[in-house]
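Engineer: Pasting in a structure now, in structure tokens, and then I'll have a few things to ask.
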Amino acid sequence: GIQVEQSPPDLILQEGANSTLRCNFSDSVNNLQWFHQNPWGQLINLFYIPSGTKQNGRLSATTVATERYSLLYISSSQTTDSGVYFCAVWPRGSYQLTFGKGTKLSVIP
Amino acid sequence: NAGVTQTPKFQVLKTGQSMTLQCAQDMNHEYMSWYRQDPGMGLRLIHYSVGAGITDQGEVPNGYNVSRSTTEDFPLRLLSAAPSQTSVYFCASGKEITGGNTEAFFGQGTRLTVV
């Protein structure tokens, strides 16, 4: 099946810093989603982004489907950004949404 | 809309017991699925359904059964619980976007401990 790799696995930031999270996938996809799992375990939809760039406040995401990667940018990080960020892909021709192992982000004051 | 609702939120089972995790959605989504989340493993797909009466296996189906008799509900059954099934379980439903793409939305999770 398709492989989804996220980097870095762990990231510690000072409040106010910027960061870039990366997601690489091994095969063609119909769609890609980014999720934030907050410290209470809730999975929150951030972006639905099969290709191109989207922005939502301090967060933005870019997917380059032809090169099989996606990037999530977090600017001016806040302590509430802490948690785990997951990339998940819908492989082409499949309904098996496949997750990476996540990037654990800790934002310290 | 309540979105995706999972019950219970927490459960402790003894080895060998059976139980059903409930999942309901009120968004009229055709796609529904179950995942388990273990430390360091991300989320792994157990079973999924693309409509009432249609189910299929995911990456880790052993020890779990599902059925889909209505669009709204997708219960997950553990027939004989084992300690290896201790995990956090998430249910998701999927909104079909144009062109056959789907966007998934998740419930709040069920934390299951098997002793």
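Readers should treat all values here as calculations from the given coordinates under stated rules, not as data from a laboratory. In this text, all values refer to a predicted model and were calculated from it rather than measured experimentally. All Cβ positions, even for glycine, are placed from backbone atoms using ideal geometry, and neighbour counts span all protein chains on display.
Engineer: From the list B:Tyr31, B:Tyr64, exactly one residue is surrounded by 14 or more Cβ atoms within 10 Å (Cβ to Cβ), more than 30 Å from A:Ser7 (Cβ to Cβ) and either touching a Leu at 6+ places or on another chain (Cβ under 7 Å) or aromatic (Phe, Trp, Tyr) (or both). Which is it?
Structural biologist: When all the criteria are applied, what remains is B:Tyr64.
Engineer: Return the only residue of A:Thr53, A:Thr62, A:Thr66 being exposed (fewer than 15 other Cβ atoms within 10 Å of the Cβ), part of a strand (DSSP E or B) and away from chain B (no Cβ under 11 Å).
Structural biologist: A:Thr53
Engineer: Quick one: count up the residues across the stretch A:1-18 that are away from chain B (no Cβ under 11 Å) and crowded, with 18+ Cβ neighbours inside 10 Å.
Structural biologist: 2
Engineer: Does the stretch B:67-86 hold any residues that are touching a Leu at 6+ places or on another chain (Cβ under 9 Å) and surrounded by fewer than 21 Cβ atoms within 10 Å (Cβ to Cβ), and which are they?
Structural biologist: Answer for the stretch B:67-86, where residues must be touching a Leu at 6+ places or on another chain (Cβ under 9 Å) and surrounded by fewer than 21 Cβ atoms within 10 Å (Cβ to Cβ): B:Pro75, B:Arg77, B:Leu78, B:Gln85, B:Thr86.
Engineer: If you don't mind, another one. Quick check on this structure: which one of A:Leu11, A:Leu59, A:Leu43 is out of contact with any helix residue (DSSP H, G or I) (no Cβ under 7 Å at 6 or more places or on another chain) and without any contact (Cβ under 8 Å) to a residue 24 or more places away in the chain?
Structural biologist: A:Leu59
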